[in-house]
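This report concerns only the one structure given below.
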Protein chains: 2
Amino acid sequence: MTESESATVDLEIIVQGTQEGKKLELRLWLRMLSTTKLISQEIRRRLRNEFGATLPQFDLMAQLYRERDGLRLGELSKRTMVTNGNVTGLVERLETDGLVLRVTPDGDRRVTVAKLTAKGETLFGAMAAAHEGWLRDMMADVDPAIVSELWRDIGAVKSSVSNHLSGADFD
Amino acid sequence: MTESESATVDLEIIVQGTQEGKKLELRLWLRMLSTTKLISQEIRRRLRNEFGATLPQFDLMAQLYRERDGLRLGELSKRTMVTNGNVTGLVERLETDGLVLRVTPDGDRRVTVAKLTAKGETLFGAMAAAHEGWLRDMMADVDPAIVSELWRDIGAVKSSVSNHLSGADFD
DNA sequence: GAGCAATATTTGAAATGTCAAAGGTTTGGA
DNA sequence: TCCAAACCTTTGACATTTCAAATATTGCTC
């Protein structure tokens with residue numbers, strides 16, 4: 001490549017958005033992923049140390065907490081973004097710990113509905129309060145206005161992604 | 001609770017920032033988590049369908065791709081944010097597939113260094129190119145200026161989180 | 001030079017994760 | 001009515017995940 005060609009290329013890069021423009025989406029994704037991992041690990045560690053629970057269990061219980069009548073396993077699977085087979089084992093273990101109850105409704109015997117027990121509700125209440133505090137602490141250095149902006153803009157990302165999925169997925 | 005008390009509470013909520021203000025960090029976290037899961041699942045599906053690879057394998061190979069001399073397993077563990085024990089199995093399977101090579105350097109026999117094989121480099125090159133394209137596609141509806149902003153602001157979140165970890169973690 | 005702390009990886013147990021196939025149940029025509 | 005398609009959950013094979021304990025090696029100290 002001659003010098004003049006090189007200069008031309010550089011100009012084009014600058015015009016198009018400067019190097020970073022090229023892989024912006026990739027860089028955003030890597031940063032989202034590492035940040036999410038960091039926060040997840042911290043929450044996982046605290047849930048384990050303070051409540052003896054796991055993050056997936058917490059997620060599942062969160063869904064049941066706001067649906068006091070319980071949820072079908074398939075519905076739980078959608079809401080937690082966890083596969084059906086996985087939900088089976090998850091609920092199984094929570095039932096063993098007395099936090100969740102499984103019921104088969106009269107109308108349709110294909111269905112299994114999971115509900116929080118009283119013990120489950122109590123435990124989740126405590127975990128949820130702590131969880132919210134942990135997040136506030138972890139994000140304490142971030143301007144609330146920025147937090148708001150992020151919430152909105154990540155919503156836009158989620159929308160875009162939802163509209164460009166290859167599989168049979170949709171939100 | 002009387003009606004007047006109830007009204008007072010409502011007013012306070014509004015003054016303080018309207019319901020949403022209260023749990024902003026929690027809401028941001030939930031949205032980050034679900035968005036990350038969504039993107040991860042899409043990438044995982046495509047890696048599997050088009051290359052027969054898994055996301056953790058892809059991540060690990062990405063680190064080795066930019067360090068042609070290889071990396072010690074402990075270093076791989078830090079960079080991929082995966083535990084030591086996990087790296088062992090991951091590298092083991094990649095070695096079985098002929099994508100990665102394990103070497104023990106002369107100087108220190110405690111150490112294992114993993115390197116990409118020629119086959120591994122070729123495969124990863126193809127995966128990386130596709131991967132970048134998938135991300136561009138998925139985020140196609142998001143204004144590049146927003147993507148840039150998100151990259152910066154999520155960096156701020158990551159910083160804040162890093163400074164408020166309970167364990168012996170730091171970045 | 002013997003022993004002990006520090007370092008690096010592996011191992012083992014338990015939980016989570018995916019996918020595909022298999023099991024029951026319901027439902028809606030023919 | 002019967003049966004095939006659709007629906008819901010479970011199962012089984014395998015990969016990934018964490019944590020803690022076990023191994024192996026090095027390096028330092030006395």
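The values are calculated or read from the model by the stated rules, or taken from the named source; none is laboratory data. Note that the structure is predicted; figures quoted are calculated from it, not measured. Quick reminder, even Gly has a Cβ in these numbers, built from the backbone with ideal geometry, and neighbours come from all protein chains shown. The area values use the complete protein model at the heavy-atom level, side chains included, leaving out ligands, DNA and RNA. Shrake-Rupley method; radii C 1.70, N 1.55, O 1.52, S 1.80 Å.
In the stretch A:98-113, how many residues are among the aliphatic types (A, V, I, L, M) and within 22 Å of A:Leu47 (Cα to Cα)?
Filtering the stretch A:98-113 down to residues among the aliphatic types (A, V, I, L, M) leaves A:99-101, A:103, A:111, A:113.
After this cut, where a residue has to be within 22 Å of A:Leu47 (Cα to Cα) as well, the list is A:99-101.
Residues meeting the conditions: 3.
Each row is one residue, and each column tells you yes or no for (1) part of a helix (DSSP H, G or I); (2) open to solvent by less than 20 Å² (accessible area, probe 1.4 Å); (3) closer than 26 Å to A:Gly52 by Cβ; (4) in contact (Cβ under 8 Å) with a residue 12 or more places away in the chain.
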| site | (1), (2), (3), (4) |
| --- | --- |
| A:Gly120 | yes, yes, yes, yes |
| A:Gly133 | yes, yes, yes, no |
| A:Val142 | no, yes, no, no |
| A:Trp151 | yes, no, no, no |
| A:Val161 | yes, yes, no, no |
I'm trying to understand the selection: among the residues of the stretch B:103-123, which are out of contact with any helix residue (DSSP H, G or I) (no Cβ under 8 Å at 6 or more places or on another chain) and of a type in the set (Gly, Ala, Ser)? B:Gly107, B:Ala118
Please tell me if B:Leu38 is surrounded by 15 or more Cβ atoms within 10 Å (Cβ to Cβ), more than 10 Å from DNA strand D (Cβ to nearest atom) and among the hydrophobic types (A, V, I, L, M, F, W, C). yes
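Please work out which residue is nearest to the other protein chains (Cβ to nearest Cβ), limiting yourself to the stretch A:82-94 and to residues that are more than 6 Å from DNA strand C (Cβ to nearest atom) and without any contact (Cβ under 8 Å) to a residue 12 or more places away in the chain. Before you say what the answer is, go through the steps one by one.
Initially, the stretch A:82-94 is screened for residues more than 6 Å from DNA strand C (Cβ to nearest atom), giving A:84, A:87-88, A:91-92, A:94.
The next check asks that each one be without any contact (Cβ under 8 Å) to a residue 12 or more places away in the chain; those that pass are A:84, A:92.
Values: A:Asn84: 14, A:Glu92: 22 Å.
Looking at the filtered set, the residue picked out is A:Asn84.
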Show me the helices (runs of 4 or more DSSP H) found entirely inside the stretch B:35-117 where at least 3 residues are farther than 22 Å from B:Ala129 by Cβ and not small (Gly, Ala, Ser). B:73-80, B:84-96
Across the stretch A:57-81, what is the number of residues that are out of contact with any Asp or Glu (no Cβ under 8 Å at 6 or more places or on another chain) and either of a type in the set (Val, Ile, Thr) or within 12 Å of DNA strand D (Cβ to nearest atom) (or both)? 10
Looking at this structure, is B:Ile43 buried (at least 18 other Cβ atoms within 10 Å of the Cβ), among the β-branched types (Val, Ile, Thr) and more than 7 Å from every other protein chain (Cβ to nearest Cβ)? yes
Hey, could you check the stretch B:60-80 for residues that are open to solvent by 40 Å² or more (accessible area, probe 1.4 Å) and either within 11 Å of chain A (Cβ to nearest Cβ) or free of Cβ contacts under 8 Å to residues at least 60 places away in the same chain (or both) and say which is nearest to DNA strand C (Cβ to nearest atom)? B:Arg72
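For B:Ala168, indicate whether it is among the small types (Gly, Ala, Ser) and modelled with pLDDT of 95 or more. Before you say what the answer is, go through the steps one by one.
Working: among the small types (Gly, Ala, Ser): yes; modelled with pLDDT of 95 or more: no.
No; evaluated as a whole, the condition is false for this residue.
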Checking A:Ala129 against (1) of a type outside the set (Lys, Arg); (2) open to solvent by 40 Å² or more (accessible area, probe 1.4 Å); (3) part of a loop (DSSP other than H, G, I, E, B); (4) within 12 Å of chain B (Cβ to nearest Cβ), which test does it fail? (3)
